[in-house]
Structures are given as C-alpha cells and as structure tokens.
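Laboratory data are not the source of any read-out in this text; all were calculated from the coordinates shown. This is a predicted model, so every value here is computed, not measured. Positions of Cβ are generated from backbone atoms using ideal geometry, with glycine treated the same way; all protein chains shown enter the neighbour counts.
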C-alpha cells in the first residue's frame with residue numbers, strides 16, 4: 001500500500017508473478033481497496049494463488065520511520081513482517097517508505113547472528129553481462145571499517161547464491177585503485193577485507209560499477225545511495241538521448257525497425273525493473289525493498305528475487321560465513 005502508485009502496480013505485478021512463477025502471493029493492505037483493484041484487473045482472480053490479508057493502516061512516504069513503527073501497529077508493512085515472522089510468508093516485498101520498511105523488518109524479525117546492521121544490496125548491469133552487486137546503497141550513511149567487512153561478506157554470499165557467481169571478486173569503492181588512496185574509512189577497512197575468506201581485489205573506482213571488473217562493490221550507504229541515484233538518472237537520460245539520435249539518423253523503415261529492436265534490448269539490460277528490488281541483507285527472513293515508483297514488471301521481478309532468496313537458505317549460510325570470517329580474524 002505504500003508505493004507511489006499503490007496498489008495498482010503491486011497488484012499487476014503480483015498477477016504476473018503467480019501466472020509465471022511457482023509462488024503464492026499474500027496481498028497485505030486495506031482489503032476493500034485490494035479486492036476492488038484485483039477485480040478490475042482480473043475478474044475471477046479468486047482462482048489464482050493470491051489471497052488477501054487485511055491491514056487497516058498505511059505508512060506514507062512522509063511518515064518518519066520511528067514514528068510509524070510506534071504509532072501504526074496495524075500498517076500493511078508491519079502486518080506483512082509479522083506474517084513472515086510467524087512463518088505464514090517466506091518473504092516480504094514492499095515499494096513503500098524505505099526507512100519504515102527497514103526499521104519494521106529489523107524490529108519484527110530480528111537480525112541474523114553476527115550482523116550489527118542490515119545493508120541494502122542493489123544490482124548494476126555491466127558490459128560483461130553479469131550484474132554487479134553494490135552493498136550498501138542507503139541503509140547506513142555512517143559506518144566503520146568493521147561494518148564494511150560485514151557488508152563484504154553479505155554481498156559476496158548474495159552474489160554466489162543468487163547470481164551463481166563463482167568466487168566473486170569483491171572490491172572496495174574508493175577514489176583510486178591504489179591502496180593508499182581513499183579516506184580514513186577505506187584505509188581502515190582494507191586490512192579487515194584482506195583478512196576475510198573472500199576474493200578481495202582491493203580498491204575499485206566508480207566506473208567499475210559497470211565494467212564488470214568486480215562482482216561485489218562495498219561502500220557506506222551515503223556513497224552507495226548517491227552512486228545508485230546518479231546511475232538511475234544517467235540511464236534515463238541515456239535512453240532518451242539514444243532514442244532521439246536513432247530517430248534522427250536512421251533512414252528507411254527496415255533500418256529503423258532494426259535500430260528500434262537494438263534499443264529495446266539495451267533498454268531491457270539497463271532497466272532497474274528487470275532486477276526487482278534491493279534485498280535487506282542481515283535481517284532474518286527475506287525483505288525486498290523496491291523503488292517507490294516501481295512498475296508492475298519491477299514488482300513481478302522483486303517477487304521472483306524474494307522466492308530465490310528464500311529458497312537459497314542465505315541467512316543460515318550468512319551466519320556461518322560471518323562466524324568463519326570472525327574466526328579468521330581472531
């Protein structure tokens with residue numbers, strides 16, 4: 001109920017998910033609103049693996065995370081997290097208020113043992129075709145070197161289990177590849193990352209988000225969120241500029257159609273909706289946070305990511321990996 005255009009894209013995306021994926025979807029929110037929207041999109045939806053669970057309150061984008069947690073006990077996100085905590089659901093997908101989703105999920109479900117703070121992992125397309133994972137993209141704006149080491153372990157495991165990356169290359173985002181470059185945080189994190197049982201390749205630069213040089217890129221949430229928003233803006237501008245250039249330069253109907261097909265393929269490769277949402281790593285269960293402006297395709301893919309996450313047993317393996325990482329440093 002909390003997205004910019006909720007609940008329309010959530011319902012459209014859920015309908016796509018249950019048609020094409022082996023999942024069941026529980027829609028949490030104001031039942032009369034959800035029922036009316038479902039009936040408008042798909043009369044006879046009751047025959048699909050979709051069910052409704054009523055929640056009387058909605059957390060808006062203007063609500064503070066702490067206040068919504070205290071005052072809106074029957075919000076759709078709170079109820080959804082309770083369903084996961086009680087084992088009724090295996091994952092939660094939300095396009096609502098990011099801060100409120102993070103705070104609610106952490107409070108209701110608790111943290112994986114060994115994780116001090118949760119981190120958001122986002123996916124970036126690369127020229128090599130294999131996506132790169134960046135951790136953290138907004139959950140923690142102020143961190144220390146120890147937290148960056150935890151982010152590295154979580155991101156490395158996520159890349160291996162969800163994207164099936166063999167021995168993921170983990171880089172630390174900095175202003176230069178040389179070890180002596182960076183700020184106090186990156187310099188302090190480097191020896192900790194070197195000591196971890198991961199394939200740490202040292203510093204990487206901003207351009208490496210898209211080159212495929214690293215499979216996992218680690219940074220604090222302030223830098224990560226700026227990088228994410230700049231990338232999204234660049235993709236939108238690039239798509240419009242390329243479309244305009246194709247229209248102006250391609251002559252002939254056949255040539256235009258070929259160029260349009262190529263453009264459609266490019267758009268698909270860089271479209272954030274193809275990757276679904278960002279998992280909140282380090283919290284028990286599976287919480288996927290989507291853009292507030294997510295369309296139906298993004299919701300459908302976020303449900304797919306949630307299913308893959310739940311089936312991967314990632315949290316148990318993360319707990320074991322963190323214990324091994326700690327032992328390796330002691």
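Here is how the numbers come out for the structure above:
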{"quantity": "Cα centroid separation - the stretch 105-131 against the stretch 183-199, whole Å", "calculated": "19"}
{"quantity": "Calculated FRET efficiency for the pair residue 210/residue 178, C-beta based, R₀ 22 Å, to 0.05", "calculated": "0.55"}
{"quantity": "Gain on full stretching of the segment that runs from residue 142 to residue 323 - 0.36 nm per residue minus C-alpha separation", "calculated": "62.8 nm"}
{"quantity": "Potential extension, residue 46-residue 107 segment - 0.36 nm per residue separation minus Cα distance", "calculated": "18.7 nm"}
{"quantity": "Theoretical FRET efficiency, 1/(1+(r/R0)^6), r = Cβ-Cβ of residue 90 and residue 316, R0 22 Å, to 0.05", "calculated": "0.95"}
{"quantity": "The chain - mean residue ellipticity at 222 nm from DSSP helices (-39,500 (n - 2.57) per run, n ≥ 4, rounded to 500)", "calculated": "-16000 deg cm²/dmol"}
{"quantity": "Pairwise FRET efficiency - residue 163 versus residue 240, Cβ, R0 = 30 Å, nearest 0.05", "calculated": "0.55"}
{"quantity": "Radius of gyration, Dmax [the chain; alpha carbons; angstrom]", "calculated": "20.6, 68"}
